[in-house]
Amino acid sequence: MRPRLTFWKLTFLFLMAAGVYATVLRFTRGLGASTNLSDQFPWGIWISFDVLCGVMLAAGGFTLTATVHIFNIKRMHSIIRPTILTAFLGYVLVCLALMYDLGKPYNIWHPLIMWNPHSVMFEVAYCVMLYTTVLALEFSPIVLERFKLEKPLKVVRAILIPLVILGVLLSTLHQSSLGTLFLIVPEKMYPLWYSPILPLFFFVSAIAVGLAMTIFESSLSAKHFGLHLELSVLQELGRVLIVVLGMYAILRVEDLANRGVFRLIFQPGYQTYLFWIEVSLALILPLALLLQRRVRNHPQGLYWAAVSVVLGFITNRMNVSITALEAGTGVRYFPKWSELAVTAMIIAGGFAMFGIAVKYLPMFPKEAVSETELGANALPALARAGLEHAGD
Amino acid sequence: MSKALLYDSTMCIGCKQCEQACAEQNKLPYDDNIAGEQFQSEHKFTAVLTRGDKFMRRLCMNCQEPACASVCPVGAIKKTALGPVTYDASKCMGCRYCMVACPFSVPKYEWGKLAPKVRKCTMCPDRVATGKQTACAEICPTGATKFGDRDALLAEAQQRIHDNPDKYVNHVYGMSEVGGTSVFLLSSVPFETFGYRTDISKDPMPMLTYRVLSHIPDFVPLGGMLLGGIWWITHRRDEVALAEALERENREKRGGKQ
Ligand code: SF4
Ligand code: SF4
């Protein structure tokens, strides 16, 4: 156990050091010196990975809060806290990454007062801002509980359902809008990825990844923090994941056929290979795994299917935002070491913050706690008063 | 009255005086090296391209419905009624969506600076506002670059093709591309020779995203209603169960007292 711990610590420190150095480079020498971006290729991995994938990886938050609080599937309640934590951390990190990518990061607040409702980016900016606030509020009970602040806790719990609804609406909007961003460049994108239904693809894949990430992080928490794994809950998520992946696969095939670009998927070439890597990881492999009951019922099987889905849709978003645009603009882009270093630092920082939160905050409440909390949320005031009375 | 530029490449002699005038107007450096550069950049807003004995200008097309302006989240880029597509650096936050979105890949960025600006031809908005021609049109010795009212210039361009059908490619570039632009080009060789795509959409690009965005005002109240409704229905069962339990308990209590 000991040497492994040191290894991870060393890796972590190394990533942090490289990230800090790249940060200094970015903010003292500018984007030109710290990235491989150019006039021909103005968006790199800080947008492709940190923002597009980051927001997708944080989609578990709205998927699961909707499942538990709106659809009232109580079994899922035990894993809701770590999922909200991941989502909250995810959005904070996305905003952090934006500070690196924006040419003038100190103007990041401008959309607040300078409106352009015709701009998808404006809509995304607003939704992300509001949703990060919603997530902070959804997450706050965990902190408030830890410090036993009863008053604010009551307030947050009272508005929880409207908050959840708002969160789901905002997520639906900006998850799909990240796809809408690319609708304006039909001529610049390789036809395997440009589609008029990009917003729908981005939304459905966000749900798939939200489910997969929930499976992934619950498994990890179980392994590394010795927490009890709710296998039945994860299996259920696995089944929903099959349905969502199936829907995505149908949409994808129909879309390729409708646009008459089906033949492109067998035409040898750089884009085709990346297409097949994407489709294999995101759809074929996980569906093949999850459709077997033996795999689905095994924690390890679920875990690897989830990992595959996550990697597959990361490839998908990188393909949309890099591979497809490379083909249209005729240039090759590969990130500079400093771009990779910043991204790696942000990911490592996210893992570290998750670890710290799990250690110091009541992330996995005892069954009893979660039941009363659930009761407090779900039941109308009248019934609750009655319950208390009955308890006398 | 909206203004425009007409560039007739058959009249161009490749003297590059427009490049120089543009540099002066926009306070950009200009020397022989820069004159040799065959592309637009953050220090060169217009470039006269040479292919054999043919010339062609590249510059911002100042589209009628510019993609760059529609995507800018802070409204730093604007289409003015007079024609120029202007840029306000103090609003810009540097997201570079305008660069991605422009169908002609016109906007360039000051990658080397710590407070970088987007750079492109803005059709001399200050001059145009005071009734003057753009700097490039004013200096042009042959009239290859001509400034004027958009409608009149378009008619003139069509007339020139009509009068000399053998001399020109039968197309006024900019008349219908992306819904029309404020820069018209005439050429004797295919526009593709100089990197101008002719397979480009004839509809304004902003429609592509606006079609989706315009559904948001409907989506929010409907979605909210739907989610609230599902919540109400799924939790109704709990309520009923609880009420029944309470009833039973009360009855038992009452029963105990009697
Ligand atoms: S050519 Fe590009 S930069 Fe110029 S107005 Fe049109 S969209 Fe904007
Ligand atoms: S880079 Fe500046 S001008 Fe271009 S879209 Fe972004 S905020 Fe607007």
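At a glance:
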item	result
Rounded Å value of the spacing that divides the Cα centres of segment A:285-327 and segment A:160-229	13
Most fluctuating residue given options B:188, B:214, B:70, as computed from a GNM of chain B linking Cα atoms under 10 Å	B:214
Protein-protein interface of segment A:108-122, residues with accessible area decrease of at least 50 Å², isolated chain reference, 1.4 Å probe	A:114, A:116, A:118, A:121
Estimated buried accessible area (total), pair B and A, 1.4 Å, Å² to nearest 100	5200
Beta bridges by DSSP in chain B, antiparallel share as percent, to the nearest 5	80
For chain B, accessible area per residue (1.4 Å probe, heavy atoms of protein chains only), Å²	47
Ellipticity estimate at 222 nm from DSSP helix runs (n ≥ 4, -39,500 (n - 2.57)) divided over chain B, nearest 500	-11500 deg cm²/dmol
Portion, in percent, of the accessible area of the protein assembly as shown that falls on carbon or sulfur, probe 1.4 Å	65
Average partner coverage of B:58-64, which counts Cβ from other chains inside 10 Å	0
Cut-off of 10 Å, at most 13 other beta carbons, DSSP loop: longest stretch of chain A lacking such trypsin sites (Lys or Arg not before Pro)	A:149-331
Residue-count net charge about residue B:164 - beta-carbon cut-off 14 Å; Lys, Arg +1, Asp, Glu -1	-2
Dipole magnitude (debye, nearest 20) for segment B:1-204, charges at Cβ of Lys, Arg, Asp, Glu	520
Contact order relative to length of segment B:38-146, as percent, for alpha carbon pairs under 8 angstrom and 6 or more apart	23
On Cα atoms only, tilt of A:160-180 relative to the major axis of chain A in degrees	10
Fraction of antiparallel bridges per DSSP, the protein assembly as shown only, in percent to nearest 5	80
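The values are calculated or read from the model by the stated rules, or taken from the named source; none is laboratory data. Given the structure is predicted, the values throughout are model-derived calculations rather than measurements. Methodologically, a virtual Cβ is constructed for each residue, glycine included, from the backbone with ideal geometry; neighbour enumeration extends over all protein chains shown. The accessibility values were calculated without ligands, DNA or RNA, using every heavy atom of the protein model including side chains. Shrake-Rupley method; radii C 1.70, N 1.55, O 1.52, S 1.80 Å.
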